[in-house]
Structure formats: structure tokens, C-alpha cells
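The values are calculated or read from the model by the stated rules, or taken from the named source; none is laboratory data. All of these numbers come straight from a predicted model, not from anything done at the bench. Every residue, glycine as well, gets a Cβ built from its backbone with ideal geometry; the counts of neighbours run over all protein chains shown. In case anyone asks, the SASA skips ligands and DNA or RNA and just uses the protein heavy atoms, side chains included. Shrake-Rupley method; radii C 1.70, N 1.55, O 1.52, S 1.80 Å.
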Amino acid sequence: MFDYLIAAFSPLNLLLALAGVAAGTIIGSVPGLTATMAVAVLVPFTFGMPPESALILLGAIYTGAIYGGAYAAILLNTPGTPSAIGTTFDGYPMAKKGNGDLAVTIACLSSMVGGLIGATALLLLAPPLAQAALAFGPVEYFWLAIFGLSLIAALSTRDFLKGLIGACFGILIAMIGISETSAEVRFTFGSQTLLGGIETVSALIGLYCVPVLIELAARRDRHLEPPEATRGFRLPEAVTTLMHEKLNVVKSSVIGTLVGALPGAGGSIAGLVAYSEARRANRRAPDYGTGNPGGIVATESANNATVGGGFIPTLVLGIPGTPPDAVILGALLVQGVRTGPTLFTGESNIVFTFIFGLFLATLLMLPVGLLIGRFAYGAIVRAPKAALVPVVAFMTIIGSFAIRNSLADVGIMVALGVVGWVANRRGFSVSPIVLGLILGRIAEEGFVQSWTIGDAMGNLWGQFFGRPLSMVIIALTLMSFLYPFAPAILRRLRPGAAAMSAGLQPAPRAPRATPRAVLRDLAGIGAMAAVAIVVLVQAAGLNPEAAVFPRTIAIGMLVLCALAALETLMTGRVVEDLSSGAPLRRVGVPLAMAVGVALVPVLGFAAAGIVMAAGLMLAAEHERRSPRSWALLALGVAVVIVAFTLGFRDLLSVPLPAGLLF
């Protein structure tokens, strides 16, 4: 074993691990460029390398990309990768308070610890964990998705019913396109554009990023509070935070390892499940969702632990644990390396050298992540809004395009961004919508397969509720779902328990809203109900396999809308966002982005991006500038746009439309 450790730390492997972590971190920090894309783009560089060195490079890229998604999540409220969704919940509130540098360092340390625990599990527990993962069938995957959706109870801090409605809306969005269970076209309304469905990452970018850009442009105040003075990496504070959260980081890393070992589950589910558990167990202020470092610790340690966990079924069984693992598996097959149970005995030099190389890459993530994170934080804090808004908007557009080389995905991203902004104004939080969008297809596939098997056996009830592993997941789901309501339930059952629930008392009942506010709330609920009705009408013409799941969700959504409307009418309580801002500037952001997308086939990506940037600069600038200042600002933004265009086209080989110009 010592020989493998020495081989992993050879100068070549050390250089490859360092380069891979740096490249993965940079690529993962750009919204739209997922860990899968980072690995896939750089696979050709490994074909001439020894198998163990190729694995170390790809594992380092994967590790860096998963961590890199935290930068945009913390500083821009936009997950750089899907696995960083949970990082936005507390990372961005910390950044708005001037603690973005501390949040980035906490994310880096948590990612390193999670990665080390995942790699340790890969080294010591690979065969037994791989066999345990095989016990998961369709019904277990369905209940696992429902377990993930139980996080809505924790995320819906403003209005629980609206959180459930938003999750149903997200699930129905995921149903658009060709059904994966029956290959039937659903909910496309005759549009060829929607045949491929709603791409998850581009939808995620739109729902999270576009509303932030709209509000950045509409408000005069700064986007992030600047730090009082240069505070360096704030490493001692981050280490202290991690020591206070030591149980959280270990528990979340174990969750990430176990979820990563389930083929197809991935880091987004792991991060959300870990966040839910950390929030359930939290006893410290501030509350989760308002800037508690524990939320970052949970998400980042869990999603980086999935790297080692995902390699367990990949190497032991030849079944990819996550999408990046599938790309790495393909690269190994090209090199003639056959994964499976014999890999650990017949070619142990390859697998154990790689595992120790994964430890090396995870350790290198600390210095690389801290350096890149400090630069990113300083650049975003100092950047004027008139530069930040157009540059981030262009990153979202080119990142959304690069996923499937489709301008239609970019248009859908902008449209969903507007939907997300309107929904948030009406009290429907974006996070449950995104949760439903991500877990919808996983839940449907498990549900339909289990329903088909149970129907054929004549035992639907036993199929869903008769398997021991399913019962365990159902019990955990009920615990996760009901825990946020435990104090209120205890107070109703035992009036004397209120004294024991100090600190968990509900806020004083708000006064009744105005009739106009009630009408606005009912209009928002009515719009969601209309979506459910449209789905029910469309589902009537589908075959049973394609219709059963969306019909079930739509019926549930209608019931929830009725309950929410009844609650509004009876209590007069309205949850909505009425924050101030310039209406014309708000309209200008999505309008400029839509014009830019429309001009891409005509002018080319860079030229269309510069035209879009001109409109966004005018929308986002609230101060007077001299002509010279405007010229320098425009030149800087144009240079960044051209640099991104060249990087995507020439370095990442993305086939960008050329147009008439560039």
C-alpha cells in the first residue's frame, strides 16, 4: 500500500492533481458549466497518459468543479453547479452582510473535509457499500426523491402551502418533453423547442440568477456590503466555525458518501438532504436561511463527499454513481481498463494509486480554493453594478447555451427567470420550485416503474409500502417533514410545553392584509391552479404510464391551491415581496437579455453580448458618470465578453454561432 502512496505523490501526478483542481474550480465557478462538462471537456487530454495518472487528473477536475460551484452560490446567489443549490440558502445572506470572504473559506474547508471522508470510504468500504447500493430498486429511488422533497418543510419559512405548490409546479415543469418511462410527447403544445424538455441546469440558472440581476439593477444600494478592512482568508475564524460544526460536517459527509454511492443520485440530492438534516438538528442562532454558516458546512461537505462515494459503484460494479463518473468510466474503457470486482485485485496498482491521488487532490483544494476564492470575492465586491450585471448576464447566457448548444435553452432560461421573479413577488419561494424540478424526473421514474410492477403483481400497496428499506426511508421522510412543526404540535397537545419551547415561539399574528393584497395573493394562487388544470386537460390524451404521475401531482396541486386560497380568505394573511425598486429598470433587464439572445444568430455571440451589455449597463447604473468613465467601463465589459467567447469557443470547443460579426 505504501508503494501506491509513493506513486500517487510522484511529480507528474502532483502536477496533474494541482492543474486539475485549479481547472475544475474555475470551470465550476461559471454558472452553467457543470462538473460533468468540466470532466468531459478535458477527457481528451488523458488519452496518452497512464491510466492511474488519467484517473487522478479527472478526479481532481471533478473535485475542483464541485467546490467551484460555491463561489457563484455565495457571491451571486446562483449555484455554479446543481450541487451548490443548498449553499445559496445561507452563503448569499452571509455575503450580503459583508462576510462573503468567510463564507468562501468555510465552503473550502468543508469541501476538503467532505472530500477526505468520501475518499476514505472509497479506500476502506468500497465493496460492501457497492453491494448495499444494489439493494435500491425503483420504489426506493421514488421514496428517496420524496425524502428530498420533504426539505420543503424546512425551506418554506414564509408560507408552507405555497412552498408545496411551488414544488408541484417544479415537478410539472420537469414533465415537459418526451416521457422517460413511455417515450410519449407531453405538454409541448406542439412546440419542437420543448421536445427535449426543460434542461435542468439552465432552468436553475434562470430561476436563481435572473431575479437577482433584476433586483441588482432596480435598486440603488450596493449588491454586497464591502468588508471593513482587508481581512485575508479569515482561516482561523473558519476553522473555529468548523470545530463548532464538527458533528454537522461528519454527519453531512457520511450522508454525501452514502447518497453518492447510489447510482444516479448525485451531489444535488446529497447537499439538500444534508442541509435538511443540519437544519433539523440546529440549536444555534442565526436561523438557517438567514446566514448560518452551518448551512454552508452541511451542503459543501456533503456534495464533495459524493465524489468518493460516486466512485464506489463506478469502480467496484462498473455502474456510474454520478454523471461525471459516467464520463470518467468511458475514459477508462477507452484506455482498456475494465472496472468491476476484479479491478481491486487484478489491477490494484491503478485503483489504489488513484485513491491516494484523490486524497492529494482534495488536500490541494485548500490552497487553490482559498486563492481563487479571495480573488473572486474581491473582484465581485469592488465591481460596479453597471459592470457586474452585464458580465454575469452574459455568463448565464453563454453557460446555458454550452450545456446542449441550444439557443432555445437560453430563451427558456430567461423566461423562467421572469417566472421566478414574479413567483417570488407573490410569495412562492424559488427553492421549492427548483427542488421539484430536480427531483421530479427521479420521482416519476421510480413511481411509474414501481406502479407498473405492483400493478402486474396485483399488489400496489405491498410494492410501495411492503419493502423494509422503503419503510426506513418513509419513516425518515415523515420525521423530516414533521420536525419543523413539532413545537406547534407540542403546544397544542400540551399547553405546558410552551415553556419548554423557549426560542421556538411563533411570531405574533400579523394584522389582516388589505383587500388589494388579498386579491393579489388569490391571483397568484389562481395562476398556479390554472397550470394544474392545463396539465389535467393535457394528461387526458396521454397513455396511462405517461399520465399517471403528472395527473397525480396536478390533482394534489389543485387541492393545495384550494387550501391556500381558503387560508388567505379566512386569516387575511398574505405573504409577498413588496421591496422597492425602479419598475423600468426591472423590465429592462430581461428585455435586454431577450434582445441579446435574439441577436446571437445574426451578429454572433460576442457582438450580441456587447449589445445586450449596453442596455444592461444603462439599466444598472444609478450614478452620474463622465463620458470617459462610461467609455472605460464599456471597454472593460466588452473585453470580458470577448474573452469569455474565445475561451468557450477555442478552449472548451463549444460551437458558438458566428453570425455576421463575432
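Ile350 is checked against (1) in contact with a Pro (Cβ under 6 Å, 6 or more places away or on another chain); (2) modelled with pLDDT under 80; (3) in a helix (DSSP H, G or I) and fails just one. What number does that condition carry?
Failed condition: (2).
Could you list, in sequence order, the residues of the stretch 561-577 that are open to solvent by less than 30 Å² (accessible area, probe 1.4 Å) and under 27 Å from the mean Cα position of the chain (by Cα)?
Within the stretch 561-577, Cys561, Val575 meet the criteria.
How about the stretch 391-472: which helices (runs of 4 or more DSSP H) wholly inside it have at least 3 residues that are over 26 Å from Ala620 (Cβ atoms)? Step through it out loud before you land on a result.
Working: elements: 407-425, 430-457, 460-465.
Output list reads 430-457, 460-465.
List every residue pair whose Cβ atoms sit under 7 Å apart, with the two residues 6 or more apart in sequence or on different chains, where the first one lies in the stretch 636-662 and is on the phi > 0 side of the Ramachandran plot and the second, anywhere, is open to solvent by 60 Å² or more (accessible area, probe 1.4 Å).
Between residues of the stretch 636-662 that are on the phi > 0 side of the Ramachandran plot and residues that are open to solvent by 60 Å² or more (accessible area, probe 1.4 Å), the close pairs are Gly659/Pro601; Gly659/Val602.
In the stretch 150-166, is there at least one residue being at pLDDT 85 or above, over 29 Å from Arg280 (Cα atoms) and in a helix (DSSP H, G or I)?
no
Looking at Tyr92, Tyr71 in this structure, which one is aromatic (Phe, Trp, Tyr) and touching a Leu at 6+ places or on another chain (Cβ under 8 Å)? Break it down into steps so the answer makes sense when it comes.
Details: Tyr71 fails: touching a Leu at 6+ places or on another chain (Cβ under 8 Å).
The unique qualifying residue is Tyr92.
Pull up the stretch 74-93, narrow it to residues that are open to solvent by 10 Å² or more (accessible area, probe 1.4 Å) and of a type in the set (A, V, I, L, M, F, W, C), then point me to the one that is farthest from Ser268 (Cα to Cα).
Selected residue: Leu76.
Just checking, which of Gly446, Gly454, Gly466, Gly436 is open to solvent by 40 Å² or more (accessible area, probe 1.4 Å) and among the small types (Gly, Ala, Ser)? Steps first, answer last, please.
Values: Gly446 fails: open to solvent by 40 Å² or more (accessible area, probe 1.4 Å); Gly454 fails: open to solvent by 40 Å² or more (accessible area, probe 1.4 Å); Gly436 fails: open to solvent by 40 Å² or more (accessible area, probe 1.4 Å).
None of the others qualify; the one that does is Gly466.
Can you name the condition, by its number, that Tyr377 falls short on among (1) at pLDDT 80 or above; (2) open to solvent by 10 Å² or more (accessible area, probe 1.4 Å); (3) not charged (D, E, K, R)?
Looking at each condition in turn, Tyr377 falls short on (1).
Taking the stretch 284-298 only, how many residues are among the aliphatic types (A, V, I, L, M) and over 20 Å from Cys108 (Cα atoms)? Working first, answer last.
The initial filter retains those residues of the stretch 284-298 that are among the aliphatic types (A, V, I, L, M), namely 285, 296-298.
Still in the list and also over 20 Å from Cys108 (Cα atoms): 285.
Going through the stretch 284-298 one residue at a time, the tally reaches 1.
Please pick out the residue among Glu567, Glu545, Glu623 that is more than 30 Å from Phe401 (Cβ to Cβ), not aromatic (Phe, Trp, Tyr) and not in a helix (DSSP H, G or I). Break it down stepwise before answering.
Numbers: Glu567 fails: not in a helix (DSSP H, G or I); Glu545 fails: not in a helix (DSSP H, G or I).
Criteria check complete, one pass: Glu623.
If we keep just the residues of the stretch 191-219 that are surrounded by fewer than 20 Cβ atoms within 10 Å (Cβ to Cβ) and charged (D, E, K, R), which is nearest to Val587 (Cα to Cα)?
Top of the filtered list is Glu215.
Cβ-Cβ distance below 9 Å, separation of 6 or more or different chains: which pairs start in the stretch 174-190 with a residue that is open to solvent by less than 70 Å² (accessible area, probe 1.4 Å) and end on one that is basic (Lys, Arg)?
Note: pairs meeting the criteria are Ala174/Arg441; Met175/Arg186; Met175/Arg441; Ile176/Arg186; Gly177/Arg186; Ser179/Arg186.
List pairs: first residue in the stretch 518-547 and closer than 19 Å to Ile178 by Cβ, second residue open to solvent by 40 Å² or more (accessible area, probe 1.4 Å) and part of a helix (DSSP H, G or I) anywhere in the structure, Cβ distance under 8 angstrom, at least six positions apart or on different chains.
From residues that are closer than 19 Å to Ile178 by Cβ, the pairs are Val535/Arg551; Ala539/Arg551; Glu545/Thr452.
Determine whether Thr105 is among the polar types (S, T, N, Q), crowded, with 24+ Cβ neighbours inside 10 Å, in contact with a Cys (Cβ under 8 Å, 6 or more places away or on another chain) and on the phi < 0 side of the Ramachandran plot.
Numbers: among the polar types (S, T, N, Q): yes; crowded, with 24+ Cβ neighbours inside 10 Å: yes; in contact with a Cys (Cβ under 8 Å, 6 or more places away or on another chain): no; on the phi < 0 side of the Ramachandran plot: yes.
Answer is no for this residue.
Could you say which residue among Leu18, Leu14, Leu42, Leu57 is touching a Ser or Thr at 6+ places or on another chain (Cβ under 9 Å), more than 30 Å from Gly291 (Cβ to Cβ) and not basic (Lys, Arg)? Even if it seems obvious, please write down each step before you answer.
Numbers: Leu18 fails: touching a Ser or Thr at 6+ places or on another chain (Cβ under 9 Å); Leu14 fails: touching a Ser or Thr at 6+ places or on another chain (Cβ under 9 Å); Leu42 fails: touching a Ser or Thr at 6+ places or on another chain (Cβ under 9 Å).
Exactly one residue qualifies, and that residue is Leu57.
Residue by residue, here is whether (1) small (Gly, Ala, Ser); (2) at pLDDT below 90; (3) open to solvent by 10 Å² or more (accessible area, probe 1.4 Å); (4) assigned to a helix (DSSP H, G or I) holds:
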{"site": "Thr240", "(1), (2), (3), (4)": "no, no, yes, yes"}
{"site": "Val254", "(1), (2), (3), (4)": "no, no, yes, yes"}
{"site": "Pro263", "(1), (2), (3), (4)": "no, yes, yes, no"}
{"site": "Ile269", "(1), (2), (3), (4)": "no, yes, no, yes"}
{"site": "Ser276", "(1), (2), (3), (4)": "yes, yes, yes, yes"}
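Looking at the stretch 295-330 only, could you name the residues that are open to solvent by less than 10 Å² (accessible area, probe 1.4 Å) and either small (Gly, Ala, Ser) or not in a helix (DSSP H, G or I) (or both)?
Those that are open to solvent by less than 10 Å² (accessible area, probe 1.4 Å) and either small (Gly, Ala, Ser) or not in a helix (DSSP H, G or I) (or both): Gly295, Ala298, Ser301, Ala302, Ala305, Gly308, Gly309, Gly310, Gly321, Thr322.
Considering every residue within the stretch 24-32, establish whether at least one is at pLDDT 85 or above, aliphatic (A, V, I, L, M) and touching a helix residue (DSSP H, G or I) at 6+ places or on another chain (Cβ under 9 Å).
At the first step, the residues of the stretch 24-32 found to be at pLDDT 85 or above are 24-26.
With the extra rule that they be aliphatic (A, V, I, L, M), the set shrinks to 26.
Still in the list and also touching a helix residue (DSSP H, G or I) at 6+ places or on another chain (Cβ under 9 Å): 26.
Yes, the stretch 24-32 has at least one match.
Any residue that is outside any helix (DSSP H, G or I), under 27 Å from the mean Cα position of the chain (by Cα), surrounded by fewer than 21 Cβ atoms within 10 Å (Cβ to Cβ) and not hydroxyl-bearing (Ser, Thr, Tyr) - is there at least one of those in the stretch 578-593? Lay out the reasoning, then the answer.
Within the stretch 578-593, the first condition is being outside any helix (DSSP H, G or I), and the residues that meet it are 578-582.
So of that shortlist, the ones also under 27 Å from the mean Cα position of the chain (by Cα) come out as 578-579.
Filter once more, so that each one left must be surrounded by fewer than 21 Cβ atoms within 10 Å (Cβ to Cβ): 578-579.
So of that shortlist, the ones also not hydroxyl-bearing (Ser, Thr, Tyr) come out as 578.
Yes: the stretch 578-593 contains one or more residues that are outside any helix (DSSP H, G or I), under 27 Å from the mean Cα position of the chain (by Cα), surrounded by fewer than 21 Cβ atoms within 10 Å (Cβ to Cβ) and not hydroxyl-bearing (Ser, Thr, Tyr).
The conditions are (1) surrounded by fewer than 19 Cβ atoms within 10 Å (Cβ to Cβ); (2) in contact with a helix residue (DSSP H, G or I) (Cβ under 7 Å, 6 or more places away or on another chain); (3) among the small types (Gly, Ala, Ser), and Gly420 fails exactly one of them. Which is it?
Condition (1) is where Gly420 drops out.
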